[in-house]
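**Q** Please find one structure pasted underneath; my questions will follow.
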Amino acid sequence: MKSYVKYLGVVDKSNKIHHVEFSTGVNVITGKSSTGKSAMIELFDYCFGSSEFTIPSGIITDSADEYFMVLAIRDSFITIGRNPNRSKKFLKLESELPNIENLKKEYFEKNYFSNDFNVELGHHLGLDINDIDEDLEDRKYRKNNAKKSRPSVRNMIPFLLQHQNLVANKHSLFYRFDQKEKREQTIDQFKIFAGFVKQEYYTIKQSLTDEQRNLKRLENQQKTINEQNELNSNKLSGLLNEYHAITGNTLVDDTIMQILLNPANTLEKLEKKVISANYESEQSTKDLQELKNKRNVLYSQKRILQNKLNDISSSIEYANKHFHDVENLTNESEEKVKISECPFCHADNEKIIGEANQLENAITWLNGELSKSNYLLDSFESDKKEIEEQIIGVNNEIKEVYRSIDRLEKITENLQQNKSLEEQGLKVKLKIENLLESLVGKESSDLEEEIKTSKKKIKAYKKDLEEKFDVTKKLLNAEKYINAEMKKIGEKFDFEKTYKPINLKFSLDNFELWHEKDNGEKVYLRSMGSGANWLYSHVTLFLALHKFFCSLGDKSLIPPILFLDQPSQVYFPTSIRDENEAFNAKEIEQKKGKEANDTKSFEEKADEDLKAVTNLFNQLVAFCKTTFEETGIEPQIIVTDHVDNLTLDAGIDFESLVNGRRWRKRGFIDEQ
């Protein structure tokens, strides 16, 4: 997106305008301490919708009534006005650049106050997504079923600002990432700001998660039906076997699966079935003997499992007792071993020391082995649970065998009570008919069709997401682009020898930055050491990010604006006040003082530091030029610093970068 800050300013209490004008490319504000340089970044932040008023208290806040910014967006201009005593923010869109002389109090009293400033500003930047929930069920867990917070221009700010306490910070890369929610929102909304997704993406994601939930519900229903079918199958099989054992005949020729698939057809056959019994059949006796044999085998399995369980329980009891005994042992910090002496010649006998050392080694080994008991105990507990579950399974099988034995023995008892085999067979036949009648009309073909349809919908939603957005691939390509640019940019900065050639990597998953060695080892920023390394890492990353945003053209929603506040502080600390009429590097070096092992003169150190700072500015200018040539968009870099009068590369005039923004005889607020 083509966008840049045109004006930052204030209207003071006497209705006088104090402003700074900027253009694309590198803009430098230079001056001595306490002239309002660092306030510019806070003024921008405030006008960009910050809920906090962080402009430093002093001459600016004492003088100002209205704070304003004119922001160029594509071919239009937006004037933003903020007044700490006014709740609403002023926002006016103009087709032409407003005359700076007109931006007095009266201008900001007109009816251009926004009811929802962040949303309206976001709209002008192309940010129109208002619902980013990917699962509508999540709203049930929020107060009043609220939507997830919509994307905000405030989450763009971490890409735009590098305060003086951040630009060379080893612990933090991004503005306000110490706030967990802000960090998570910025990372999550990167794909929005980069133009990878639009509202349709979230609408499809919501439909996808809804359908996935529906499929899970249908599959659970199918699972329940399958479990019920298995129960019905076992029950039907048992009844048919019982009928066969009683009568010696087969009730139906169909398989269990055929019967369950079409229970109505089987019922029709059973209505015509005449019960007949073979009194000479030995099927009942044969089945009974098989069941008794199976019972014996099951009891054998149960005893084997019970023996294992007893062994495991004993091991657990012993281990617990060992831990208890060890905890109650006295912990001696040292032991004294006396050298024995011969009572006749009084010669020392050191044999006991050797034996004591052997004993100590043996105890150390034993304690090491016993310390492993914790792991063994965990294993024993797991094995115990597994054996207990196996015993429960065997007990259930034994109960079922006993029930089957009882049914077969009941046949003989019923005969003794003068109940014929036909009568007993009829009773079983009626049970089978009752079971089949309960299954008629419960075919699962409709459910299977619903599952197929649901799977088709899910496949279509996923295909839509991949064809229209393919966020995963775009993020991967973005990461590759940023890392490749960091490699190009980083090699032009003076990193310490340990990190040359610099190989910075950035993850869009968690926004972590590290230097990757040839062996794959990651050295994170906090471990790199040296303020220069931290500074160059910050600058390299943010230049690469803005190069990427520019490469996206109008698809990117993030303005290619970058504030660098006091980047020279690594060489010329901000803690040393610069109050001269001209910047003097040697004097600052003298105020820094010499280290004990430093053999260089102040002039030499000043020259080295100036060389490093000069290279930084050269690279910023070169970056803007190269980016414009490659993307057609020139980023805007606003540098506030106290370095001045640098001799840059041929063709680059430092004075043109300052362009009147030198505050040594005056400050941002011109009191004359």
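**Q** Given the chain, what percent of its DSSP beta bridges are antiparallel, to the nearest 5?
**A** 70
**Q** Just tell me which lysines come within less than 22 Å, Cα to Cα, of Lys294; anything on the same chain fewer than 8 places away is out.
**A** List returned: Lys235, Lys286, Lys302, Lys308, Lys399, Lys410.
**Q** Continuing with this model, one more query. Suppose we take every Cα in segment 251-312 and form the convex hull; what volume per residue is that in Å³?
**A** So the per-residue Cα hull volume is 130 Å³.
**Q** Please order Arg303, Arg664 by the number of other Cβ within 10 Å, starting at the fewest.
**A** Arg303, Arg664
**Q** Take every Cα-Cα pair in segment 3-124 and report what % of them are more than 16 Å apart.
**A** Of the Cα pairs, 60 percent sit more than 16 Å apart.
**Q** Moving on to the next point. Using modelled amide H (1.01 Å from N, peptide plane; none on Pro or chain starts), what sits under 5 Å from the amide H of Ile638, excluding residues fewer than 5 places away?
**A** Asn27, Leu562, Phe563, Leu564
**Q** Out of residues 5 or more away from Glu66 or on other chains, whose amide H comes under 5 Å of its own, with H placed 1.01 Å from N in the peptide plane?
**A** Val11
**Q** Would you list Val70, Val471 from fewest to most Cβ contacts within 10 Å?
**A** The order, fewest Cβ neighbours first, is Val471, Val70.
**Q** What is segment 166-316 by shape, rounded, prolate or oblate, if you read a ≥ b ≥ c off the alpha carbon gyration tensor as root eigenvalues and call it rounded for a/c under 1.5, prolate for a/b larger than b/c, and oblate otherwise?
**A** Since a/c reaches 1.5 but b/c is at least a/b, the shape of segment 166-316 is classed as oblate.
**Q** Short version: ³J(HN,Hα) in whole Hz for each residue of segment 183-190, in order, from phi by Karplus 6.51 cos²θ - 1.76 cosθ + 1.60 (θ = phi - 60°), x for Gly and Pro, what are they?
**A** Taking θ as phi minus 60°, the curve returns 4, 5, 5, 4, 5, 5, 8, 4 Hz for segment 183-190.
**Q** Check the straight Cα-Cα distances from Lys32 and name the aspartates and glutamates below 14 Å, setting aside those fewer than 8 residues away within the same chain.
**A** Asp565, Asp578, Glu579, Glu581, Glu587, Asp641, Asp644
**Q** Going down the table (Lys216/Lys473; Lys198/Lys457; Lys148/Lys522; Lys517/Lys625; Lys92/Lys143), which pairs top 25 Å between alpha carbons?
**A** Lys216/Lys473; Lys148/Lys522; Lys517/Lys625; Lys92/Lys143
**Q** Cut-off is 10 Å between beta-carbons; in what order do His19, His515 appear when sorted fewest neighbours first?
**A** Least crowded to most crowded, the residues run His19, His515.
**Q** Sticking with this structure for a sec: For the chain, compute Rh as the Kirkwood radius over C-alpha pairs and then the Stokes-Einstein diffusion coefficient at 25 °C and 0.890 mPa s; write the answer in µm²/s, rounded to an integer.
**A** The diffusion coefficient I find is 72 µm²/s.
Only the coordinates and a few stated rules stand behind these numbers; no lab work does. What you see is a predicted model, and the numbers here were worked out from it, not measured in a lab. Glycine also receives a Cβ, built like all others from the backbone with ideal geometry; neighbour counts cover every protein chain displayed.
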